[in-house]
Amino acid sequence: MSGPLVSCIIPTFNRCGLLPRAVESILAQSYRPMELVIVNDGSTDQTQSLEPVLQQQAMAAGVDWVFFTKENGG
């Protein structure tokens, strides 16, 4: 029996070099059900290009996935 849904939220801005490591850490957790929400705060680096790869990793781990891109909030 699974417990309540846990949402892991990662806000990011121009940290494409660190984002994969943060996602890997979350996916390594054994608790399920879990959803991973990444909020890209208007990054100007390659953060957006990581979305397909990270999504594939999350889905393979059985974790729901949401990736938002918004205008930079400052």
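Key figures
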read-out	value
Single residue of region 14-43 satisfying the filter (in contact with a strand residue (DSSP E or B) (Cβ under 7 Å, 6 or more places away or on another chain) and polar (S, T, N, Q)) that is least open to solvent (accessible area, probe 1.4 Å)	40
Any chance residue 46 is out of contact with any Cys (no Cβ under 7 Å at 6 or more places or on another chain) and of a type in the set (S, T, N, Q)	no
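The values are calculated or read from the model by the stated rules, or taken from the named source; none is laboratory data. Model, not experiment: these values are computed from the prediction. Every residue, glycine among them, receives a Cβ derived from its backbone with ideal geometry; neighbour counts consider all protein chains shown. When the accessible area is computed, the model is the full protein with side chains, heavy atoms only, and any ligands, DNA or RNA have been set aside. Shrake-Rupley method; radii C 1.70, N 1.55, O 1.52, S 1.80 Å.
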